[in-house]
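Engineer: What follows is a structure written as structure tokens; I'll ask about it next.
The values are calculated or read from the model by the stated rules, or taken from the named source; none is laboratory data. Fair warning: this is a prediction, and the values are worked out from it, not measured in the lab. Heads up, the Cβs are rebuilt from the backbone with ideal geometry, glycines too, and the neighbour counts pull from every protein chain shown.
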Amino acid sequence: MCGIVGYVGNKDSLSIIIKGLKRLEYRGYDSSGVAISDGNTTRFCKSKGKINKLEKKLKKIKDISGPIGIGHTRWATHGEPSDINAHPHMSNSGKLLLVHNGIIENYNTLKEKLINEGFSFVSETDTEVLVNLIEFVKQSEKLKLGEAVQIALRQVIGAYAICVMDYDRPNELVVAKLGSPLCIGMGKNEFYIASDVSPFIEFTKKVVYLKDGELAIIRNHKPTIFRKISDNSKVLPTISRLELSLEKIEKKGYKHFMLKEIYEQPKAIRDTLRGRLNIKKGIVKLSGMDEYMDKFINCKKLTIIACGTSWHSALAGEYMFEKIAKVSVEVEYASEFRYRDPVIDKNDIVIAISQSGETADTLAAIKLAKQKGAYVYGICNVVGSSIARESDSGSYTHAGPEIGVASTKAFTTQMTILYLMAIKLAKIRGVISKKSFINYLHEISAIENKIKIALKNDNLVKKVSKKYMNSKNCLYLGRGYNFPIALEGALKLKEISYIHAEGYPAAEMKHGPIALIDKDMPTVVIATNKINYDKIVSNIQEIKSRKGKIIAIVSKGDKEVKKIADDVIEVPECIESITPFITVIPLQLMSYHIAVMLGKNVDQPRNLAKSVTVE
Ligand code: F6R
């Protein structure tokens, strides 16, 4: 994780870097730092805590300004959050400064080697090893910075996106990438370096996404040099045009990004569907799928890989593919899949889901699937992300930037793509009638309005949240399509309010979790199902007879559950396969309100980061 920013140009780099770091704070926020060069002197400042702490510290430093600089916001991997472990890290001579996102796996071996060469270390980080390795290569082989970076990186095992400054070459920055994201905003006689495009969106629309194994030497008023790290060969960069606007990455009057993103879901889903649905002609257009239609028609098994919330959408996808398209599906945690020896071959389709498109485990799982000959379909939100580029084809969710660490609109838009894929597959494999295909199209296009209606219950959800905000534990139960929603509801509560919560298939309760039930243990039951409705009612009775409290999510007009639940939140009626899109809304809102009432940092929960680019 971690976010890095750099600037080379004519403006004062400090304010650009600080603003950029704030936009990247979602990637990590336990400490931060900057180094700024005025062409003669380089000054730096680091601080434990959020960027505002760094800003306070910076006010006390005289003359820290200049047209070249680097900055970093950290999510600790090696060494606890502290001033010393914060980046930039300085080499022993004091000449090189480096910011890094990623993990150097062989840092211990490299560190021993450097200690034997007389180097010493002040921090516990792998990054300090890297900056000294570059210095060692530079000094011993008498090289310029760019060459030294290249040669040093050939000895490194792991993942990195780095940006390096040299006191002796104050007008240039060297950047390189393997595994972690890095892009360069190409302005007019100025360059912006960042982990994603948000730090420079208002300055330039031209961007080069550095590819794995590439390095760039960025100099003031001179053309940037792009090279391959492995053999120093020249690389011709591709300049892409950004469609993102500044407005899209701001809070627009909402108190938190998470709330804004919850409320954005109707529009986000509309954007996901845009151009892909033609009800009149009875068409679902997914070009990534159309290109590989034969593979989809003939595939015997789909494997879906993802992590966290994206894994929950994968699980909802499993129900969709199996029930609607009658295809066998396996859903795998990417982190497990990558280290097993999964039985996958060239006839298999692997679907990889990721909001950020940078999750290290998912990326590694894709690479493994490809090695085994499988065709990989990526579902990503971030355009141009590593997973999007690594997949053979795929679909973007077009949800817009998701800044809140707790994923909300990414989840519902991922399910939207999975739904479209499932009904398209069902049609091309001839397992559903034209009439029922058209019916599914109507249902998916009605989601936007149904979510709007579900959002109208926000005040009621807030009231219910207040009642249960001091609970220490919470159980979430659902069946069928709503089982993934039980998992997702529990994850949302855990990650932003730090209340222990578990999601279970409702019928599994009697095999263990029922032992937990007492008057202090609320259970959220998603009881919208038509199939097995009576069984859910029985589950609720079982909890009630053990004095458990029930918060029920029910379909409008429900009669039975209302009689027995302590609190009831209605959602609009819909067909079974659409329920997860709607039932997740009150659960997202509930976790949001509880976290706010408990005074937690909703958008930046402790210990978490938005994109998990480390194992
Ligand atoms: C939870 C959450 C995480 C992510 C997970 C995967 O709210 O955001 O569980 O879903 O880290 O991230 P992506 O989808 O970017 O691969």
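Engineer: What's the number of the condition Ile249 fails, among (1) away from the ligand (no atom under 16 Å from the Cβ); (2) under 30 Å from Asn482 (Cβ atoms); (3) in contact (Cβ under 8 Å) with a residue 12 or more places away in the chain?
Structural biologist: Failed condition: (2).
Engineer: Hey, another quick one. For segment 200-291, which fully contained strands (runs of 3 or more DSSP E) count at least 3 residues that are surrounded by 20 or more Cβ atoms within 10 Å (Cβ to Cβ)? If you could, list the steps in order and put the result at the bottom.
Structural biologist: Numbers: elements: 206-209, 214-219, 225-228.
The strands (runs of 3 or more DSSP E) meeting that bar are 206-209, 214-219.
Engineer: Okay, next question. Which residues, taken from segment 28-63, are over 14 Å from Ser13 (Cβ atoms), of a type in the set (Val, Ile, Thr) and out of contact with any Cys (no Cβ under 9 Å at 6 or more places or on another chain)?
Structural biologist: Scanning segment 28-63 gives a single hit, Ile51.
Engineer: Would you mind stating whether Gly20 is at pLDDT 95 or above and over 23 Å from the mean Cα position of the chain (by Cα)? So that I can check it myself, show each step before the final result.
Structural biologist: Numbers: at pLDDT 95 or above: yes; over 23 Å from the mean Cα position of the chain (by Cα): no.
Against the criterion (at pLDDT 95 or above and over 23 Å from the mean Cα position of the chain (by Cα)), Gly20 does not qualify.
Engineer: Just give me the residues in segment 328-362 being within 16 Å of the ligand (Cβ to nearest atom) and without any contact (Cβ under 8 Å) to a residue 24 or more places away in the chain, in sequence order.
Structural biologist: Answer for segment 328-362, where residues must be within 16 Å of the ligand (Cβ to nearest atom) and without any contact (Cβ under 8 Å) to a residue 24 or more places away in the chain: just Glu336.
Engineer: So, one more: Taking segment 31-50, which residues are surrounded by 22 or more Cβ atoms within 10 Å (Cβ to Cβ) and within 25 Å of Pro401 (Cβ to Cβ)?
Structural biologist: Result: Ser31, Ser32, Gly33, Val34.
Residues are listed down the side, and each one gets a yes or a no for (1) touching a residue at least 12 places away in the same chain (Cβ under 8 Å); (2) within 22 Å of Asn459 (Cα to Cα); (3) assigned to a loop (DSSP other than H, G, I, E, B):
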position: Lys535; (1), (2), (3): yes, no, no
position: Ile540; (1), (2), (3): yes, no, no
position: Arg546; (1), (2), (3): yes, no, yes
position: Asp558; (1), (2), (3): yes, yes, yes
position: Lys563; (1), (2), (3): no, yes, no
position: Val568; (1), (2), (3): yes, yes, no
position: Pro586; (1), (2), (3): yes, yes, no
position: Val596; (1), (2), (3): yes, yes, no
position: Asn607; (1), (2), (3): no, no, yes
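Engineer: Does Glu443 fit the bill of being assigned to a helix (DSSP H, G or I) and not hydrophobic (A, V, I, L, M, F, W, C)?
Structural biologist: Judged against the criteria, Glu443 is a match.
Engineer: Strands (runs of 3 or more DSSP E) wholly in segment 19-122 with at least 2 residues that are within 19 Å of Ser611 (Cα to Cα) and assigned by TED's automatic domain parsing to the domain that holds Ser180 - which ones?
Structural biologist: Ranges flagged: 31-37, 68-74, 96-104.
Engineer: Ok, one more. Going through Ala325, Ala306 one at a time, which residue ends up being more than 11 Å from the ligand (Cβ to nearest atom) and within 26 Å of Ile578 (Cβ to Cβ)? Steps first, please.
Structural biologist: Working: Ala306 fails: more than 11 Å from the ligand (Cβ to nearest atom).
Within the list Ala325, Ala306, the selection yields Ala325.
Engineer: So for segment 476-484 (the condition being over 23 Å from the mean Cα position of the chain (by Cα), at pLDDT 95 or above and either among the hydrophobic types (A, V, I, L, M, F, W, C) or not assigned by TED's automatic domain parsing to the domain that holds Ser591 (or both)), does at least one residue qualify?
Structural biologist: Looking through segment 476-484, at least one residue is over 23 Å from the mean Cα position of the chain (by Cα), at pLDDT 95 or above and either among the hydrophobic types (A, V, I, L, M, F, W, C) or not assigned by TED's automatic domain parsing to the domain that holds Ser591 (or both).
Engineer: Are any residues in segment 494-515 assigned to a helix (DSSP H, G or I) and at pLDDT 90 or above, and if so, which ones?
Structural biologist: Within segment 494-515, Lys494, Glu495, Ile496, Ser497, Ala506, Glu508, His511 meet the criteria.
Engineer: If you don't mind, there's one more thing I want to ask. Can you name the number of the only condition in (1) within 14 Å of the ligand (Cβ to nearest atom); (2) surrounded by fewer than 24 Cβ atoms within 10 Å (Cβ to Cβ); (3) farther than 17 Å from Lys610 by Cα; (4) of a type in the set (A, V, I, L, M, F, W, C) that Leu368 fails?
Structural biologist: (1)
Engineer: Starting from segment 468-493, keep only residues that are touching a residue at least 40 places away in the same chain (Cβ under 8 Å) and among the acidic types (Asp, Glu), then list their pairs with residues that are outside any helix (DSSP H, G or I) and within 16 Å of the ligand (Cβ to nearest atom) whose Cβ atoms are within a distance under 8 Å, requiring at least 6 positions of separation or different chains.
Structural biologist: So the pair list comes out as Glu488/Gly503.
Residue-wise test of (1) outside the structural domain of Leu475 (by TED's automatic domain parsing); (2) buried (at least 17 other Cβ atoms within 10 Å of the Cβ); (3) within 16 Å of the ligand (Cβ to nearest atom).
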{"residue": "Ala552", "(1), (2), (3)": "no, yes, no"}
{"residue": "Ile575", "(1), (2), (3)": "no, no, no"}
{"residue": "Ala595", "(1), (2), (3)": "no, yes, yes"}
{"residue": "Val614", "(1), (2), (3)": "no, yes, yes"}
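Engineer: Now for a separate question. Given the conditions (1) within 16 Å of the ligand (Cβ to nearest atom); (2) closer than 17 Å to Ile324 by Cα; (3) assigned to a loop (DSSP other than H, G, I, E, B), report the number of the one that Val431 does not fulfil.
Structural biologist: (1)
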